[in-house]
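*Asks:* Questions regarding the structure given below will be posed in turn.
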Amino acid sequence: MVCADEGLATRMAEPGSKPRRYGALELIQTVVDPGSWVGWDGPPAEVAAPGSAYAAELAEAAIRSGTDEAIITGEATLKGRRIAVVAGEFRFLAGSIGVVAAERIVLAFERAQREGLPVFAAPSSGGTRMQEGTLAFLGMVKISAAVSAFKEAGLPYVVYLRHPTTGGVFASWGSLGHVTVAEPGALVGFLGPRVFEALYGHPFPEGVQTSENLHEHGLIDAVLPVEGLRDIAHTTLNLLVAPREEHPEVFELPREPLPDIPAWESITRSRRAERPSVRALLKLGATDVIPLHGTNQGEYDPALMLALARFGGAACVVLGQNRRGQSVERPLTPSGLRAARRGIRLAHELKLPLVSVIDTAGAALSKEAEEGGLAGEIARCLSELVMLDAPTICVLLGEGTGGGALALLPADKVICAQHSWLSPLPPEGAAAILYRDPTRAPELAAAQGVRSVDLLNNGIVDRVVAEQPDAADEPEAFCRRLSHVLQYELAKLLTQDPQDRLAVRLARYRHLG
């Protein structure tokens, strides 16, 4: 198990060490089960005139690399699970993608789609093969089309970016994975540094096109040495293929009686620093946790946690507002909601259940948030969540303030911690608007119906998880109780017809209020 507090990115090479670089076949043999590799590739078509300089280059590259092209494809088992593999061999003409290599990639994705296999890809390439020019360049289009069709079929795609991965490979199949990790210290970028210097007359800035920098900026999910790849790839694929396997068993779950706690007392308790966060829920209540990182589009907000995880027998996507990553100076931003929308897309593409977790004092109110499209991101989260074709559960875990909280609410089932609450503004702000007196916040909170019991009575939430008496004082026991409820609700949702489930969800919000 990889716990949420560790993260994948911690599994890196020791500082100052030089990572070993593996060839394609060596990498494959390191990751898959011994003796299970079966190649899919036929003899490469002739693309060079006999006796030409390019023909000589191809022959020399085959001898140097031990492969007949820059791409090898095939299948193997990974801890008993059958997978398709596409790997690049940099020693063959710098891993460049020509007509033959592009066709191999496309054929591999098409076969994997026909046979229902997840794809594990390990590119290493300088980009398009210059010897074959524009025709090779256009191969990016058919490769991207094949990957898109494969993903549209609901099949998982995991990418391991190796040193180096640049140009058209990074700009097509290298950037389309559901989960993307990279080698430590790998050169990863669009324009190769040698090409940049030749074009512009000065070196590309150092430290930009590295796997570590891309991870920091939310473009990849983790930096991981080859030695840790087998276990992580196995866990990740187990989570991603879960919808195609047997559903977990549904068990009975009685409802607990709830004491009548004043709204202001719950609000005060929800703000305690010791209250468990979404990370605590994953660490204490889930298994097989694979943290993801950022939007995959160059943004990362520590206020939003994104992960793959399993609650009992149910694998799911988890996106949650992380109280530890928020503060008055650093609230939830539009980037955080864009990361949430990445999680929504993953749930749609893989037909995985989605668990959203609300715990925020409110989204950013700033020039940057306005110019970054905060209102639009809230609207898009609401729209995409309410229409998502996968099962959805929302957990109100702590504070639930404003549009930033509402953005993650629409779901088939809404679970609420006893001292969690939901309000259009912090009660102090609402009291300032209505009474010009923020000290009347307790009075207004009681009148607005923000507490868990009121939310339950008004049909906004479906179940309240008791705190005994406060989650901050019993974090482990509380997270395990909440996990038990999630297991129950996920198991029930997975037995329902998708169209019926969506119809009930839409009717719920249509008739609310």
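The values are calculated or read from the model by the stated rules, or taken from the named source; none is laboratory data. Treat the numbers as computed from the prediction; the structure is a model and nothing was measured. Cβ sites come from the backbone with ideal geometry, for glycine too, and all protein chains shown count toward neighbours. Keep in mind that these areas ignore ligands, DNA and RNA; they rest on the heavy atoms of the full protein, side chains included. Shrake-Rupley method; radii C 1.70, N 1.55, O 1.52, S 1.80 Å.
*Asks:* Pairs under 9 Å by beta carbon, first residue assigned to a loop (DSSP other than H, G, I, E, B) in the range 478-505, partner surrounded by fewer than 20 Cβ atoms within 10 Å (Cβ to Cβ), six or more apart or different chains?
*Replies:* What qualifies is 495/247; 495/250; 496/504.
*Asks:* Please count how many residues of the range 166-209 are in a loop (DSSP other than H, G, I, E, B) and over 29 Å from residue 153 (Cα atoms).
*Replies:* So the count comes out to 14.
*Asks:* Exactly one condition in (1) within 13 Å of residue 267 (Cβ to Cβ); (2) open to solvent by 10 Å² or more (accessible area, probe 1.4 Å); (3) of a type outside the set (Gly, Ala, Ser) is not met by residue 473; state its number.
*Replies:* Single failed check for residue 473: (1).
*Asks:* Do you know which of the residues in the range 124-162 that are of a type in the set (Val, Ile, Thr) and under 25 Å from residue 210 (Cβ atoms) is most open to solvent (accessible area, probe 1.4 Å)?
*Replies:* Looking at residues that are of a type in the set (Val, Ile, Thr) and under 25 Å from residue 210 (Cβ atoms), I get 128.
*Asks:* Still on this structure, I have one more. Do we have any residue at all in the range 321-333 that's in contact with a Ser or Thr (Cβ under 9 Å, 6 or more places away or on another chain), more than 28 Å from residue 477 (Cα to Cα) and surrounded by fewer than 24 Cβ atoms within 10 Å (Cβ to Cβ)?
*Replies:* Yes, the range 321-333 contains a residue that is in contact with a Ser or Thr (Cβ under 9 Å, 6 or more places away or on another chain), more than 28 Å from residue 477 (Cα to Cα) and surrounded by fewer than 24 Cβ atoms within 10 Å (Cβ to Cβ).
*Asks:* Can you pull out the residues in the range 68-82 that are open to solvent by less than 10 Å² (accessible area, probe 1.4 Å) and either outside any strand (DSSP E or B) or closer than 23 Å to residue 136 by Cβ (or both)?
*Replies:* Hits for the range 68-82 are 69, 70, 71, 73, 74.
*Asks:* Check off (1) touching a Ser or Thr at 6+ places or on another chain (Cβ under 6 Å); (2) among the charged types (D, E, K, R); (3) within 21 Å of residue 326 (Cβ to Cβ) for residue 412 and give me the number that stays unchecked.
*Replies:* Only one criterion in (1) touching a Ser or Thr at 6+ places or on another chain (Cβ under 6 Å); (2) among the charged types (D, E, K, R); (3) within 21 Å of residue 326 (Cβ to Cβ) is unmet by residue 412, namely (3).
*Asks:* For the range 17-38: of the residues being free of Cβ contacts under 8 Å to residues at least 40 places away in the same chain and polar (S, T, N, Q), which is least open to solvent (accessible area, probe 1.4 Å)?
*Replies:* Only one residue fits best here, namely 17.
*Asks:* Inside the range 39-63, can you point out the residues that are exposed (fewer than 12 other Cβ atoms within 10 Å of the Cβ) and either of a type outside the set (A, V, I, L, M, F, W, C) or under 35 Å from the mean Cα position of the chain (by Cα) (or both)?
*Replies:* Listed by number, the residues that qualify are 42, 43, 46, 50, 51, 52.
*Asks:* Could you tell me which of the residues 428, 399 is closer than 30 Å to residue 467 by Cα, outside any helix (DSSP H, G or I) and open to solvent by 10 Å² or more (accessible area, probe 1.4 Å)?
*Replies:* 399
*Asks:* To continue, here is another question. What do you reckon, is residue 338 open to solvent by 10 Å² or more (accessible area, probe 1.4 Å), under 22 Å from residue 415 (Cα atoms) and part of a helix (DSSP H, G or I)?
*Replies:* It is false that residue 338 is open to solvent by 10 Å² or more (accessible area, probe 1.4 Å), under 22 Å from residue 415 (Cα atoms) and part of a helix (DSSP H, G or I).
*Asks:* Can we say residue 384 is among the charged types (D, E, K, R), open to solvent by 30 Å² or more (accessible area, probe 1.4 Å), free of Cβ contacts under 8 Å to residues at least 24 places away in the same chain and more than 21 Å from residue 275 (Cβ to Cβ)?
*Replies:* Taking the combined requirement at face value, the residue does not satisfy it.
*Asks:* Within the range 218-252, take every residue that is at pLDDT 95 or above and acidic (Asp, Glu) and give me the one that is least open to solvent (accessible area, probe 1.4 Å).
*Replies:* Among residues in the range 218-252 that are at pLDDT 95 or above and acidic (Asp, Glu), the one least open to solvent (accessible area, probe 1.4 Å) is 221.
*Asks:* Also, quick follow-up: Could you tell me which residue of the range 287-299 is farthest from residue 174 (Cα to Cα), considering only residues that are open to solvent by less than 10 Å² (accessible area, probe 1.4 Å) and among the aliphatic types (A, V, I, L, M)?
*Replies:* Once the filter is applied, the top-ranked residue is 289.
*Asks:* For the range 342-381, give me the residue count where each residue is open to solvent by 40 Å² or more (accessible area, probe 1.4 Å) and under 19 Å from the mean Cα position of the chain (by Cα).
*Replies:* Of the residues in the range 342-381, 5 are open to solvent by 40 Å² or more (accessible area, probe 1.4 Å) and under 19 Å from the mean Cα position of the chain (by Cα).
*Asks:* Then there's this: Please verify whether residue 207 is free of Cβ contacts under 8 Å to residues at least 12 places away in the same chain and surrounded by fewer than 20 Cβ atoms within 10 Å (Cβ to Cβ), treating the condition exactly as stated.
*Replies:* When the stated conditions are applied, residue 207 passes them.
*Asks:* Can you find a residue in the range 300-316 that is under 24 Å from residue 420 (Cβ atoms), part of a strand (DSSP E or B), open to solvent by 40 Å² or more (accessible area, probe 1.4 Å) and at pLDDT 95 or above?
*Replies:* Yes: one or more hits.
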